[in-house]
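The values are calculated or read from the model by the stated rules, or taken from the named source; none is laboratory data. Predicted model, so just to flag it, every value in this text is computed and none were measured. Here the Cβ positions follow ideal geometry from the backbone for every residue, glycine too, while neighbour counts run over all protein chains shown.
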Amino acid sequence: MADKDLVFKKSYKCPICDSNFKNLTVKQGKAYRESVDFDLKVNFRNIEPLKYDIIMCPVCGYGALERYFERVAPRQRKDIIDKKCQTYVGTDDDKDELTYDDAIERYNNAFVCSEIKNSKNSEIGFMSLKLAWLYRAYSKSLPLEDVKKEELWQKERELLFKAMDNLEVARLKEQSPICGMDDATLDILLAGLCIELEEIDTARKYINSAMMNRNVSVGIRNKIYEFKSTLKRIEDEAQAENE
Ligand SMILES: [Zn+2]
């Protein structure tokens, strides 16, 4: 089934220019969960919902993740109008589905808006994580021999670092829940990112923090065990190399 059969046009009101507009959104219950990656990215069998996560006003160009779309302070609104909308030249809003490249453009536009808004680290970190995952999905959608894969992988890694840096600052400075995640989930996400990015000591710190937390779900508890055994394996391998 093509994306266009799984999405619909949902109505929004822009908090910047007050226009009513429609934005493609994945229909409820239409994405079939298939697997979960090491760093908690959920993969779906029939669609990549991350492509549709940025809401963008076709009239003034303001865009953000849905969670943050309406949260605009008066000062931020004024800055977006001055620095974004004045030069924005409208977009073709008639697509019935988005390609990976369309989606990347929307994320990049949302990053520009978040810079103008001077967004919190949590918003920038969460968006970096989602875009990193989108690059991963894009790469997976291409045939093995495609030369573009290397470039997409570089982008993914760059964004995973950006996500980790921003989410670490958010964890210290902002109030929980961060991006809708409870403390243990955020710790486990950060641990997963650290392992992926080979920052093993920091990964251990987050795993220990998650272990101290009494309110963890079974899913997070399983992740803690998984990550602990991954770290053990990495340590054993390092030791074997030294011998
Ligand atoms: Zn607008």
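Structure notes:
- Pairing residues of segment 206-231 that are surrounded by fewer than 13 Cβ atoms within 10 Å (Cβ to Cβ) with residues that are among the aliphatic types (A, V, I, L, M), at Cβ distances under 7 Å and at least 6 apart in sequence or on separate chains, gives Asn215/Ala184.
- Qualifying residue in segment 122-143 (condition: in a loop (DSSP other than H, G, I, E, B) and farther than 22 Å from Phe69 by Cβ): yes
- Checked against the criteria, Ile54 counts as of a type in the set (A, V, I, L, M, F, W, C) and within 16 Å of the ligand (Cβ to nearest atom).
- Among (1) exposed (fewer than 12 other Cβ atoms within 10 Å of the Cβ); (2) closer than 14 Å to Asn121 by Cα - the single one Leu159 does not satisfy: (1)
- Checking segment 85-102 against the condition returns no match, with no residue being surrounded by 21 or more Cβ atoms within 10 Å (Cβ to Cβ), outside any loop (DSSP other than H, G, I, E, B) and within 16 Å of the ligand (Cβ to nearest atom).
- Residue match in segment 182-203 (condition: outside any helix (DSSP H, G or I) and within 23 Å of Leu50 (Cβ to Cβ)): yes
- Comparison of Arg77, Arg67, Arg106, Arg33 shows that the only residue that is closer than 26 Å to Pro177 by Cβ, surrounded by 18 or more Cβ atoms within 10 Å (Cβ to Cβ) and assigned by TED's automatic domain parsing to the domain that holds Leu160 is Arg106.
- Of the residues screened, Lys22 is one that is more than 20 Å from Ala132 (Cβ to Cβ), within 16 Å of the ligand (Cβ to nearest atom) and touching a residue at least 60 places away in the same chain (Cβ under 8 Å).
- Total residues in segment 24-54 satisfying the condition of being in contact with a strand residue (DSSP E or B) (Cβ under 7 Å, 6 or more places away or on another chain) and among the small types (Gly, Ala, Ser): the figure is 2.
- Matching entry among Ser114, Ser122 (being closer than 25 Å to Ile178 by Cα, among the hydroxyl-bearing types (Ser, Thr, Tyr), more than 16 Å from the ligand (Cβ to nearest atom) and surrounded by 14 or more Cβ atoms within 10 Å (Cβ to Cβ)): Ser122
- Selection within segment 204-243 - of a type in the set (Gly, Ala, Ser) and not in a helix (DSSP H, G or I): Ser217
- Figure legend. Inter-residue proximity from segment 104-117: first residues among the aromatic types (Phe, Trp, Tyr), second residues surrounded by fewer than 20 Cβ atoms within 10 Å (Cβ to Cβ) and assigned to a helix (DSSP H, G or I), beta-carbon distance below 7 Å, spacing 6+ or different chains. No pairs are indicated.
To keep it simple, each residue is scored yes or no on (1) closer than 30 Å to Lys232 by Cβ; (2) within 15 Å of the chain's Cα centre (by Cα); (3) not acidic (Asp, Glu).
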site: Ala132; (1), (2), (3): yes, yes, yes
site: Tyr138; (1), (2), (3): no, yes, yes
site: Leu159; (1), (2), (3): yes, yes, yes
site: Asp187; (1), (2), (3): yes, no, no
site: Leu190; (1), (2), (3): yes, yes, yes
site: Met212; (1), (2), (3): yes, no, yes
site: Arg221; (1), (2), (3): yes, no, yes
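For every residue, the table says whether it meets (1) out of contact with any Cys (no Cβ under 8 Å at 6 or more places or on another chain); (2) away from the ligand (no atom under 12 Å from the Cβ); (3) of a type in the set (S, T, N, Q).
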position: Val7; (1), (2), (3): yes, yes, no
position: Ser35; (1), (2), (3): yes, yes, yes
position: Leu40; (1), (2), (3): yes, yes, no
position: Asn43; (1), (2), (3): yes, yes, yes
position: Asn46; (1), (2), (3): yes, yes, yes
position: Ala64; (1), (2), (3): no, no, no
